[in-house]
Amino acid sequence: QVQLVESGGGAVQPGGSLRLSCAAPGSIFSGNGMAWYRQAPGKGRELVATITSRGSTNYPDSVKGRFNISRDNAKNTVYLQMNSLKPEDTAVYYCNRFPSNPQYWGQGTQVTVSS
């Protein structure tokens, strides 16, 4: 089973910033839309940001204006810059294709926003 590897999570105070990274095999990344997802304790997994193979992005209202997804096609890596973090952003963050493929879920990276 192929997995993606997320990194960059941590504990920050409200208003802080983090940058997540996701390294993917070329077979998963190249020419495909990618996305970040998150799962908070006791809740289902939700979509956080998407980016097409050409770089077009989309966000739900809950993170729009605060989060920015980008990709480096030479490195097969997708990033999530998170600014103005709120306690409700606390979750495990995952990357995957968009639409997601259940075979590609990795371990995720924990983001905790707390004072």
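The values are calculated or read from the model by the stated rules, or taken from the named source; none is laboratory data. Here the structure is a predicted model, which is why all the values come from computation and not from measurement. Cβ: placed from backbone, ideal geometry, glycine included. Neighbour counts: every protein chain shown. Side chains are part of the model used for accessible areas, which takes the heavy atoms of the whole protein and leaves out ligands, DNA and RNA. Shrake-Rupley method; radii C 1.70, N 1.55, O 1.52, S 1.80 Å.
Across all directions, the average flat footprint of the convex hull enclosing the Cα atoms of the range 1-88 is 6.2 nm². Rolling a 1.4 angstrom probe over the range 10-64 with all protein chains present gives an accessible area of which 46% lies on carbon and sulfur atoms.
Counting only protein heavy atoms and a 1.4 Å probe, the range 1-94 has 50 square angstrom of accessible area per residue. Local charge for Asn83 was computed over the other residues whose Cβ lies under 11 Å away, with Lys and Arg +1 and Asp and Glu -1, and equals +2.
Assuming charge only on the beta carbon of Lys and Arg (+1) and of Asp and Glu (-1), the dipole of the range 58-115 about its Cα centre is about 160 debye to the nearest 20.
Each residue, Ser114 and Ser84, gets one label point 7 Å from its Cα in the Cβ direction; the gap between the two is 2.5 nm. Placing +1 on each Lys and Arg Cβ and -1 on each Asp and Glu Cβ, with no other charges, gives the chain a dipole about its Cα centre of roughly 140 debye. Using the empirical formula 2.2 N^0.38 Å as the baseline, the Cα radius of gyration of the range 55-115 reaches a ratio of 1.21. Pick out, from Pro60, Ser115, Ala11, the residue whose Cα sits farthest towards the positive end of the charge dipole of the chain, with +1 on the Cβ of Lys and Arg and -1 on the Cβ of Asp and Glu. Most positive-ward Cα: Pro60.
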